[in-house]
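A.B. asks: Here it is, the structure in full.
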Amino acid sequence: MMYQYDEQDQQLLNERVAQFREQTSRFLNGTLADDAYRTLRLMNGVYIQKLAPMLRVAVPYGLLSSDQLRKIAELAQRYDKGYVHFTTRQNIQFNWPALENIPDIAEGLATVQMHAIQTSGNCIRNTTSDHYAGIAPDEIEDPRPYCEIIRRWSTLHPEFAYLPRKFKIAVSGATSDRAATQLHDIGLYIKKNEQGDIGFEVLVGGGLGRTPIIGKTIKSFLDQYDLLSYLEAILRVYNQYGRRDNMYKSRIKILVKSMGVEAFSQQVEAEWEHLKNSDLKLDKQQIALAKSHFTPPAYNTKHNAANLAHAMANNSDFANWVKYNTTEHKNEHYQAVTISLKAPNVAPGDITTAQMDFVADLADEFSFGLLRSTHRQNLILGDVSKDQLHALWSKLKEQNLATANIGMLTDTICCPGLEFCSLANASTIPLAEELNERFNDLDYLYDLGSINLNISGCMNACGHQDVGHIGILGVDKKGVEWYQITLGGSSCNEAYLGDRLGRAIAKNQLINSIEQIIQVYVAERTAEENFLETYRRIGITPFKEKVYANN
Amino acid sequence: MQIIKDHKVVNDQWQYLAEKSDTSMFPDGNIIVTLKTWKTAKERLITRQSKLGIKLNSDELLPEIVDDLDCFELISLDFTPYKDGRHFSTARLLRERYNYKGEIRATGEVLRDQLLYMQRVGFNAFELDSSQDLNAALTAFDEFSTAYQPTANPHSPFYQRK
Ligand code: SF4
């Protein structure tokens with residue numbers, strides 16, 4: 001079902017909490033220098049933002065239990081303003097904790113096997129994965145056991161705590177990539193070779209930000225038993241040879257680019273030769289042990305299809321919700337349900353304490369007590385019986401959690417932006433709100449079909465704008481908020497970085513420009529085409545002409 | 001000067017030899033030379049009677065000295081700035097790949113809060129700046145009683161084998 005800590009996990013976590021408590025008190029009493037504490041607190045997930053510290057809690061590969069979510073709600077109520085934010089890396093952010101309370105929050109998290117370790121800083125970050133892991137019909141192999149193996153290896157790794165820059169790993173186990181795998185420092189695609197053995201295609205050097213790059217394959221098939229030794233080889237090459245003189249050039253993508261993929265992979269292979277047969281080599285038992293934590297729950301063996309069809313025929317809101325917010329499950333009697341955190345008038349990805357408690361109860365009632373967070377900043381109940389969809393929908397509606405807009409234009413990815421982030425050039429949340437107001441007709445949105453609109457408040461690209469079908473980037477023009485639009489990006493198997501539309505657009509014109517882009521699509525599309533397909537066919541020029549026609 | 005060595009606060013038995021152009025004469029006693037001095041005066045340095053150590057700056061990596069490891073009873077690895085973690089890899093390679101048995105010392109901006117990781121990758125001696133209380137810093141080694149990774153100084157195997 002879900003990984004349960006053993007004694008070693010719990011002990012390590014408790015010791016980490018004690019260590020951070022002690023570091024924080026040394027800082028607060030003035031015996032630990034500012035700069036040193038900064039590095040240490042970052043490795044414990046604590047940023048000091050504009051208005052307050054921000055705490056980022058890891059959700060390992062996006063999997064949460066109902067008890068964990070309740071604990072988050074309790075901590076948000078007690079130490080924060082009664083809500084938290086889901087990030088684009090499946091994690092949870094507290095926006096307003098007081099620094100002196102953070103050790104207490106960490107202690108509370110540790111009671112439910114959660115933590116904020118390595119959620120920021122120049123170290124190996126929380127490994128992310130497919131939010132449909134274990135339930136997707138197109139799955140080759142469940143990625144979560146491997147993510148869990150990586151979690152252990154990467155947690156408090158003594159050699160790789162002071163890397164040139166942050167380091168992100170994603171694992172996808174399905175044929176369709178839902179984890180933006182090619183946009184990570186290391187991306188792993190689970191593969192099955194001709195002999196039926198499980199292994200990984202290994203990509204390196206992908207990433208967004210100032211220099212967005214799509215990852216390159218350095219190994220087409222790595223045997224599963226060699227996973228950790230190979231990761232260690234990559235990290236060791238990077239730790240020694242990645243640039244440290246310029247923070248904008250210190251990600252592994254720049255090293256791979258400057259060495260060339262060939263030379264880089266040769267160096268990794270040379271290092272790996274020494275590590276291959278070390279203690280890092282996995283064996284059958286270790287993998288079986290990891291897998292034993294992710295066995296499927298006790299599913300029902302039937303459902304009443306006629307009842308569901310009837311309920312859908314009688315209620316178009318429900319039918320739309322089933323169509324857009326639920327997804328096919330490996331098991332024909334079940335469906336995965338996405339809970340939209342993109343309701344109008346709510347900052348994308350935000351969830352209140354009351355909603356968390358409510359959703360946790362729903363998870364217990366409808367989905368074996370488990371939840372998943374997605375990189376598109378929504379929540380998923382992964383295992384809902386088709387017989388219970390209607391009951392679940394009725395309850396979700398009560399708490400404004402049934403907005404049937406998944407995959408639509410208003411299901412934006414949106415970073416916190418100017419309101420919360422000290423690095424931002426421009427605001428993002430008000431734009432998402434304005435967008436929701438302008439495009440408030442769901443039927444119109446359904447007619448437009450799948451459009452991913454991603455917004456970031458600065459070059460750091462936390463909102464993944466480069467891979468949005470429509471990307472919006474806040475740029476600073478002498479203290480005034482302007483936005484750069486890109487079109488045609490995608491983070492799926494055919495990953496693509498969006499093309500720039502043209503010069504930046506003023507804040508008060510932005511939503512109009514988006515509307516114009518949509519108008520071009522509607523005028524040009526063929527019956528079957530979605531936005532991205534039309535864009536690929538007609539190119540950027542018609543969009544450019546329309547948006548810049550009058551200015 | 002006092003340092004931490006093998007979990008104890010001890011008087012340092014070594015002195016660093018500053019970079020200098022004249023390499024015809026070396027003082028007696030245990031000295032730690034720079035990479036540049038080593039390269040220019042190898043012959044004279046190996047015929048001395050007393051012990052020899054070498055210091056690598058944070059951007060001087062192991063391949064520079066890998067063929068000469070037998071010549072050094074001490075290798076001092078510099079962390080300046082403290083965030084520059086390259087020598088975490090150097091220390092592991094020395095211990096695990098090259099089976100180096102001499103002293104591996106951390107110098108430069110060494111933080112108390114880095115000691116445990118440093119020890120785990122193979123360091124056994126630490127120079128902290130004079131503002132830090134060395135005896136108090138010794139507690140840093142005991143902050144964790146377990147670990148996931150098999151490194152030079154493992155506390156436990158990587159992943160319990162059942
Ligand atoms: S993209 Fe920029 S503005 Fe947005 S959260 Fe990241 S750093 Fe902050």
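The values are calculated or read from the model by the stated rules, or taken from the named source; none is laboratory data. As the structure is a computational prediction, the values presented were derived from the model and not from experiment. Backbone-built Cβ (ideal geometry, glycine too); neighbour counts: all protein chains shown. Areas reflect the complete protein model, heavy atoms only, side chains present, ligands, DNA and RNA absent. Shrake-Rupley method; radii C 1.70, N 1.55, O 1.52, S 1.80 Å.
A.B. asks: Filtering region A:161-197 down to residues that are acidic (D, E) and open to solvent by less than 10 Å² (accessible area, probe 1.4 Å), which residue is nearest to A:L40 (Cα to Cα)? Break it down stepwise before answering.
C.D. replies: So in region A:161-197, the residues acidic (D, E) come out as A:177, A:185, A:194, A:197.
So of that shortlist, the ones also open to solvent by less than 10 Å² (accessible area, probe 1.4 Å) come out as A:177, A:185.
Values: A:D177: 34, A:D185: 22 Å.
Within region A:161-197, the match that is nearest to A:L40 (Cα to Cα) is A:D185.
A.B. asks: Taking the condition surrounded by fewer than 19 Cβ atoms within 10 Å (Cβ to Cβ) and within 30 Å of B:A147 (Cβ to Cβ), does A:S292 pass?
C.D. replies: yes
A.B. asks: Report, by residue number, each residue of region A:124-143 that is open to solvent by 10 Å² or more (accessible area, probe 1.4 Å) and part of a loop (DSSP other than H, G, I, E, B).
C.D. replies: Across region A:124-143, the qualifying residues are A:R125, A:N126, A:H131, A:Y132, A:G134, A:P137, A:D138, A:I140, A:E141, A:D142.
A.B. asks: State whether the residues of region A:152-159 include one that is open to solvent by less than 20 Å² (accessible area, probe 1.4 Å), within 18 Å of A:L227 (Cα to Cα) and more than 14 Å from chain B (Cβ to nearest Cβ).
C.D. replies: No, that holds for no residue.
A.B. asks: On to the next question. Report yes if some residue within region A:270-285 is under 16 Å from A:S172 (Cα atoms) and either modelled with pLDDT of 95 or more or open to solvent by 20 Å² or more (accessible area, probe 1.4 Å) (or both); otherwise report no.
C.D. replies: Of the residues in region A:270-285, the ones under 16 Å from A:S172 (Cα atoms) are none.
Within region A:270-285, not a single residue is under 16 Å from A:S172 (Cα atoms) and either modelled with pLDDT of 95 or more or open to solvent by 20 Å² or more (accessible area, probe 1.4 Å) (or both).
A.B. asks: Just to verify a result, which residue in region A:395-414, among those that are among the aliphatic types (A, V, I, L, M) and more than 11 Å from the ligand (Cβ to nearest atom), is most open to solvent (accessible area, probe 1.4 Å)?
C.D. replies: Kept after step one, since they are among the aliphatic types (A, V, I, L, M), are these residues of region A:395-414: A:396, A:401-402, A:404, A:406, A:408-409, A:413.
Cutting the leftovers down to more than 11 Å from the ligand (Cβ to nearest atom) gives us A:396, A:401-402, A:404, A:406, A:408-409.
Working: A:L396: 0, A:L401: 3, A:A402: 18, A:A404: 7, A:I406: 33, A:M408: 9, A:L409: 1 Å².
Among them, the one singled out is A:I406.
A.B. asks: With respect to the numbered conditions (1) part of a loop (DSSP other than H, G, I, E, B); (2) surrounded by fewer than 21 Cβ atoms within 10 Å (Cβ to Cβ), which one is the sole condition not fulfilled by B:A41?
C.D. replies: (1)
A.B. asks: Only one of A:Y132, A:Y162 is aromatic (F, W, Y) and more than 14 Å from chain B (Cβ to nearest Cβ). Can you tell me which?
C.D. replies: On the way: A:Y162 fails: more than 14 Å from chain B (Cβ to nearest Cβ).
Sole residue among the options that is aromatic (F, W, Y) and more than 14 Å from chain B (Cβ to nearest Cβ): A:Y132.
A.B. asks: Do you know which residues across region B:69-92 are within 13 Å of chain A (Cβ to nearest Cβ), more than 19 Å from B:A147 (Cβ to Cβ) and assigned to a helix (DSSP H, G or I)? If you could, list the steps in order and put the result at the bottom.
C.D. replies: Applying the first criterion (within 13 Å of chain A (Cβ to nearest Cβ)) to region B:69-92 yields B:77, B:79-92.
Add one more test, that the residue is more than 19 Å from B:A147 (Cβ to Cβ), and what stays is B:77, B:79-84, B:86-87, B:90.
Hits for region B:69-92 are B:R86, B:H87, B:T90.
A.B. asks: Next question. Only one of B:R105, B:R112, B:R97 is out of contact with any Asp or Glu (no Cβ under 8 Å at 6 or more places or on another chain) and closer than 23 Å to B:D142 by Cβ; which? Break it down into steps so the answer makes sense when it comes.
C.D. replies: On the way: B:R105 fails: out of contact with any Asp or Glu (no Cβ under 8 Å at 6 or more places or on another chain); B:R97 fails: closer than 23 Å to B:D142 by Cβ.
Only one candidate passes the filter, namely B:R112.
A.B. asks: Right, something else. With a cut-off of at least 1 residues that are open to solvent by 10 Å² or more (accessible area, probe 1.4 Å), away from chain B (no Cβ under 13 Å) and within 30 Å of A:P296 (Cβ to Cβ), name the strands (runs of 3 or more DSSP E) lying wholly within region A:1-100.
C.D. replies: By residue number, A:63-65.
A.B. asks: Could you list, in sequence order, all residues of region A:505-551 that are outside any helix (DSSP H, G or I) and either among the aliphatic types (A, V, I, L, M) or open to solvent by 80 Å² or more (accessible area, probe 1.4 Å) (or both)? Before you say what the answer is, go through the steps one by one.
C.D. replies: Here is the first cut: in region A:505-551, the residues outside any helix (DSSP H, G or I) are A:505-506, A:525-530, A:539-540, A:548-551.
Scanning region A:505-551 gives A:I505, A:A506, A:A527, A:E528, A:I540, A:A549, A:N550, A:N551.
A.B. asks: Oh, and also: Look through region A:110-139, keep the residues that are farther than 28 Å from A:L235 by Cα and free of Cβ contacts under 8 Å to residues at least 60 places away in the same chain, and return whichever of them is farthest from the chain's Cα centre (by Cα).
C.D. replies: Filtering first and then ranking leaves A:T111.
A.B. asks: Among the residues of region A:216-244, write down those that are touching an Asp or Glu at 6+ places or on another chain (Cβ under 9 Å) and open to solvent by 10 Å² or more (accessible area, probe 1.4 Å).
C.D. replies: A:T217, A:I218, A:K219, A:S220, A:F221, A:D223, A:Q224, A:Y225, A:R244
A.B. asks: Restricting the first residue to region A:380-403 and requiring it to be of a type in the set (G, A, S), which pairs with a second residue that is open to solvent by 70 Å² or more (accessible area, probe 1.4 Å) meet a Cβ separation below 7 Å and a spacing of at least six or different chains?
C.D. replies: A:S385/A:N300
A.B. asks: Evaluate region A:277-294: report whether one residue or more is among the aromatic types (F, W, Y) and farther than 16 Å from A:K219 by Cα. Working first, answer last.
C.D. replies: Let us first name the residues in region A:277-294 that are among the aromatic types (F, W, Y), namely A:294.
Still in the list and also farther than 16 Å from A:K219 by Cα: A:294.
Yes - at least one qualifying residue is present in region A:277-294.
A.B. asks: Being away from the ligand (no atom under 11 Å from the Cβ) and either among the small types (G, A, S) or within 18 Å of the chain's Cα centre (by Cα) (or both) is the filter here, so list the residues in region A:415-433 that pass it.
C.D. replies: The first filter runs over region A:415-433 and keeps only residues away from the ligand (no atom under 11 Å from the Cβ), leaving A:430-433.
Result: A:A432, single match.
A.B. asks: Quick check on B:K101: is it more than 12 Å from chain A (Cβ to nearest Cβ) and assigned to a loop (DSSP other than H, G, I, E, B)?
C.D. replies: On the way: more than 12 Å from chain A (Cβ to nearest Cβ): yes; assigned to a loop (DSSP other than H, G, I, E, B): yes.
Yes: the conditions hold for B:K101.
A.B. asks: Next question. What do you reckon, is B:R120 of a type in the set (K, R), under 25 Å from A:R38 (Cα atoms) and facing another protein chain (nearest Cβ under 8 Å)? Working first, answer last.
C.D. replies: Values: of a type in the set (K, R): yes; under 25 Å from A:R38 (Cα atoms): yes; facing another protein chain (nearest Cβ under 8 Å): yes.
Yes; evaluated as a whole, the condition is true for this residue.
A.B. asks: Residues A:G449, A:G479: which one is open to solvent by 10 Å² or more (accessible area, probe 1.4 Å) and within 16 Å of the ligand (Cβ to nearest atom)? If you could, list the steps in order and put the result at the bottom.
C.D. replies: Details: A:G449 fails: within 16 Å of the ligand (Cβ to nearest atom).
Exactly one of A:G449, A:G479 is open to solvent by 10 Å² or more (accessible area, probe 1.4 Å) and within 16 Å of the ligand (Cβ to nearest atom), namely A:G479.
A.B. asks: Among A:N436, A:N454, A:N493, which is the only one that is within 21 Å of A:G539 (Cα to Cα) and away from the ligand (no atom under 16 Å from the Cβ)?
C.D. replies: Criteria check complete, one pass: A:N493.
A.B. asks: Considering every residue within region A:380-394, establish whether at least one is open to solvent by less than 10 Å² (accessible area, probe 1.4 Å) and within 16 Å of the ligand (Cβ to nearest atom).
C.D. replies: Checked region A:380-394: no residue is open to solvent by less than 10 Å² (accessible area, probe 1.4 Å) and within 16 Å of the ligand (Cβ to nearest atom).
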